[in-house]
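Asker: Shown below is the structure under consideration.
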Amino acid sequence: MKVNTVSEVYRWIAVAVLAFIPLPSGAYAEKPEYIGNESCKKCHEKLFASWEKSVHAQAFVLLKPKVRGKHKEEAKLKIDTDYQGDKSCMPCHVTGLDNGGFSFDDPKDEWKGIGCEECHGGAEKWLAIHDRKSLKRRERKLKQAGLIQPFDGQTVCLRCHGNQNSPYKYRDLERDRDWTSMEFAESYHILPEPK
């Protein structure tokens with residue numbers, strides 16, 4: 001290839017340099033598919049067992065009539081209403097809504113409630129890396145593959161617990177716990193009963 005001008009030389013140098021600059025994590029990538037909580041259970045048995053007893057695991061059930069009536073009254077919701085079909089409630093009561101997880105077209109039980117991947121991201125691309133404990137630059141590769149750490153400056157908890165569309169949006173965020181605490185983010189699998 002013949003280069004005729006100085007500007008063409010600079011253009012080719014720029015192309016060569018840009019070819020080696022990594023794209024930001026997740027750039028141009030499709031969102032990873034959700035593969036379900038059972039994929040986490042094999043390595044995280046204790047966490048899984050505690051999660052099964054948590055409010056997160058039961059988040060979909062909380063939408064049934066007469067369940068946690070006191071909380072529904074506080075949110076000015078009707079105690080006798082079944083909110084399990086209310087699409088506005090789903091982002092905070094199911095896993096992977098219309099993103100490879102829960103779907104109204106195929107509402108499988110495994111996606112009801114807030115599961116592992118709702119906080120950690122769809123595991124399709126990062127699970128194999130996660131299983132390889134001695135992999136060089138493992139943390140970086142996990143992040144590039146879409147693994148979300150629950151605490152990165154703030155907890156992912158605030159997506160629901162600080163959500164302005166929540167019926168609890170007027171509740172004092174600090175009333176039950178500090179949602180921005182790293183300590184809380186590391187122990188979120190068992191939540192204390194709300195006061």
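The values are calculated or read from the model by the stated rules, or taken from the named source; none is laboratory data. Source: prediction; values computed, not measured. Positions of Cβ are backbone-derived with ideal geometry, glycine not excepted, and every protein chain shown enters the neighbour counts.
Asker: Testing residue 146 on (1) modelled with pLDDT of 80 or more; (2) in contact with a Lys or Arg (Cβ under 8 Å, 6 or more places away or on another chain); (3) of a type outside the set (D, E, K, R); (4) surrounded by fewer than 19 Cβ atoms within 10 Å (Cβ to Cβ), one condition comes back false. Which one is that?
Answerer: Only one criterion in (1) modelled with pLDDT of 80 or more; (2) in contact with a Lys or Arg (Cβ under 8 Å, 6 or more places away or on another chain); (3) of a type outside the set (D, E, K, R); (4) surrounded by fewer than 19 Cβ atoms within 10 Å (Cβ to Cβ) is unmet by residue 146, namely (4).
Asker: What is the one condition in (1) in contact (Cβ under 8 Å) with a residue 12 or more places away in the chain; (2) loosely packed, with under 15 Cβ neighbours inside 10 Å that residue 114 does not satisfy?
Answerer: (2)
Asker: Which residue pairs have Cβ atoms closer than 8 Å, lie 6 or more positions apart in sequence or on different chains, and pair a first residue in the stretch 133-151 that is over 21 Å from residue 34 (Cα atoms) with a second residue that is in a loop (DSSP other than H, G, I, E, B) and at pLDDT 85 or above?
Answerer: none
Asker: Oh, and also: Of all the residues that make up the stretch 101-138, how many are under 23 Å from residue 54 (Cα atoms) and of a type in the set (Asp, Glu)?
Answerer: Of the residues in the stretch 101-138, 4 are under 23 Å from residue 54 (Cα atoms) and of a type in the set (Asp, Glu).
Asker: Please indicate, with yes or no, whether at least one residue in the stretch 51-64 is under 18 Å from residue 126 (Cβ atoms), in a loop (DSSP other than H, G, I, E, B), modelled with pLDDT under 90 and in contact with a helix residue (DSSP H, G or I) (Cβ under 8 Å, 6 or more places away or on another chain). Quick ask: steps written out before the conclusion?
Answerer: Taking the stretch 51-64 and keeping what is under 18 Å from residue 126 (Cβ atoms), we get none.
There is no residue in the stretch 51-64 that is under 18 Å from residue 126 (Cβ atoms), in a loop (DSSP other than H, G, I, E, B), modelled with pLDDT under 90 and in contact with a helix residue (DSSP H, G or I) (Cβ under 8 Å, 6 or more places away or on another chain).
Asker: Determine which member of the set 133, 125 is at pLDDT 75 or above, surrounded by fewer than 11 Cβ atoms within 10 Å (Cβ to Cβ), not in a helix (DSSP H, G or I) and not small (Gly, Ala, Ser).
Answerer: Details: 125 fails: surrounded by fewer than 11 Cβ atoms within 10 Å (Cβ to Cβ).
After applying the criteria, what remains is 133.
Asker: State all residues of the stretch 70-106 that are part of a loop (DSSP other than H, G, I, E, B), surrounded by 15 or more Cβ atoms within 10 Å (Cβ to Cβ) and free of Cβ contacts under 8 Å to residues at least 60 places away in the same chain; if no residue qualifies, say none.
Answerer: Across the stretch 70-106, the qualifying residues are 83, 84, 89, 93, 97, 102, 103.
Asker: Within the bounds of the stretch 57-68, is there any residue that is β-branched (Val, Ile, Thr), under 25 Å from residue 163 (Cα atoms) and touching a residue at least 12 places away in the same chain (Cβ under 8 Å)?
Answerer: Within the stretch 57-68, one or more residues are β-branched (Val, Ile, Thr), under 25 Å from residue 163 (Cα atoms) and touching a residue at least 12 places away in the same chain (Cβ under 8 Å).
Every residue, every condition in (1) in contact with a helix residue (DSSP H, G or I) (Cβ under 6 Å, 6 or more places away or on another chain); (2) under 22 Å from residue 44 (Cβ atoms), yes or no:
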position	(1), (2)
85	no, no
94	yes, yes
109	no, yes
125	no, yes
129	yes, yes
133	no, yes
137	no, no
